[in-house]
Amino acid sequence: MIEIEGLTKVFPNPDGTEKTAVNQVSFKVHPGEIYGLLGPNGAGKTTTLRMVSGLLRPTSGTVRIEGRDVTVQPKFVKRHIGYLTSNTGLYMRLTPLEMLEYFAVLYDIPRETARTRIRQLVEWLDMGYYLKLRCGALSTGQKQRVNIARALIADPPILVMDEPTLGLDVLSNRMILEFIRTQAAAGKAVLLSTHALDEIDQMCRRMGLIHNGRLIAEGELDALKQQTGRQRLSEVFLELVGADQPVFTKVIR
């Protein structure tokens, strides 16, 4: 379970002023749930996910993973989180198999357990036909499958995913979304951030909308649609951020 309360992050500006990137954000993600985190560019989504994952220290507020405070017990938390972004780096000279074996060692997973886990991930993500190619020779979709396998090698109960399907083709996109569903169905708590509104609509029962660092709406999608009187998630989004007016009001001749 992910529990976030009053999460705030302030960054210093070069001119000596400060920028509040995330301001008093609070929400929970339960086991077996895919929770969608939505917002325009620069809203504070990625900063929030980095604090949740223990990669960035909050200015104030708390994040608890499985009941443990991220700042107090960072090693425990990082062992219980699979963190994935659209641009997570791979070691280009290693093969996917070598990557997974390496990360299994980092997580101190027993050798036989690691072999079984790698075999499962390779089968689930259909990675067998490029398992021994160098990562530098793989397509974008293939690299992202390797990244997902890396994030899941320790079988963590929490998945934090920041734009996991960005830049992928339709087939790779569908495979990754289906795999995320299977992980939630297995009881994992999944925090998913994406600009693809249809993914949120299809995958999530609950969502939070961040705008200018604040969580301005949170709850079940059906309730938010009823609140705004809109049925399409794109229209709900624009209504909630106050951007539902036409951009162009004149016809240019």
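The values are calculated or read from the model by the stated rules, or taken from the named source; none is laboratory data. Just so you know, these numbers come straight off a predicted model, no measurement behind them. All Cβ positions, even for glycine, are placed from backbone atoms using ideal geometry, and neighbour counts span all protein chains on display. For the accessible areas, the whole protein counts, side chains as well, though only heavy atoms, and no ligand, DNA or RNA atoms are used. Shrake-Rupley method; radii C 1.70, N 1.55, O 1.52, S 1.80 Å.
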Report summary line: Taking every other residue with Cβ under 10 Å from the Cβ of LEU94 and scoring Lys and Arg +1, Asp and Glu -1, one gets 0
Report task. Would you mind counting up the charge near GLY36? Only other residues with Cβ under 14 Å from its Cβ, with Lys and Arg at +1 and Asp and Glu at -1. Result -> -3
Query - Size of charge dipole - the chain - debye, nearest 20, with Cβ of Lys, Arg +1 and Asp, Glu -1, no other charges - result: 520 debye
Query raised in the report: Looking only at TYR129, TYR35, TYR91, which one moves most when the chain is put into a Gaussian network model with springs between Cα atoms under 10 Å?
Result: TYR129
Query raised in the report: Among PHE103, PHE179, PHE11, whose mean-square fluctuation peaks in a Gaussian network model of the chain (Cα, cutoff 10 Å)?
Result: PHE11
**Report entry** Dipole-positive endmost among LEU177, LEU152, GLY128 within segment 118-253 (Cβ charges, Cα centre)
**Finding:** GLY128
Query raised in the report: Does segment 111-177 classify as rounded, prolate or oblate by the C-alpha gyration tensor (a ≥ b ≥ c root eigenvalues; a/c under 1.5 gives rounded; else a/b over b/c gives prolate, otherwise oblate)?
Result: oblate
Report summary line: Per principal axis, largest first, the Cα atoms of the chain extend in Å by 61, 48, 39
Query raised in the report: Considering only protein heavy atoms and a 1.4 Å probe, what is the carbon-and-sulfur percentage of the accessible area of the chain?
Result: 50 percent
Requested in this report: Would you mind calculating the gained length between ARG57 and ASP155 on full extension (0.36 nm times residue separation, minus the Cα-Cα distance), in nm to one decimal?
Outcome: 32.8 nm
Query raised in the report: Which of ASP222, ASP15, ASP108 moves the most in a Gaussian network model of the chain with Cα springs under 10 Å?
Result: ASP15
Query raised in the report: When ligands, DNA and RNA are left out and all protein chains stay put, how many square angstrom of accessible area per residue does the chain have with a 1.4 Å probe?
Result: 53 Å²
Query - Hull shadow area, averaged, segment 62-179 [alpha-carbon convex hull, nm²] - result: 7.5 nm²
Report task. Name the residues whose placed amide hydrogens come within less than 5 Å of the amide hydrogen of LEU56, ignoring near sequence neighbours (fewer than 5 apart) on the same chain. Result -> MET51
Report summary line: Sparse-neighbourhood loop hits (trypsin sites (Lys or Arg not before Pro), segment 1-107; DSSP loop; Cβ within 10 Å at most 16 others) -> ARG93
Query raised in the report: LEU133 versus THR20, label points 7 Å from Cα toward the beta carbon: distance in nm?
Result: 4.9 nm
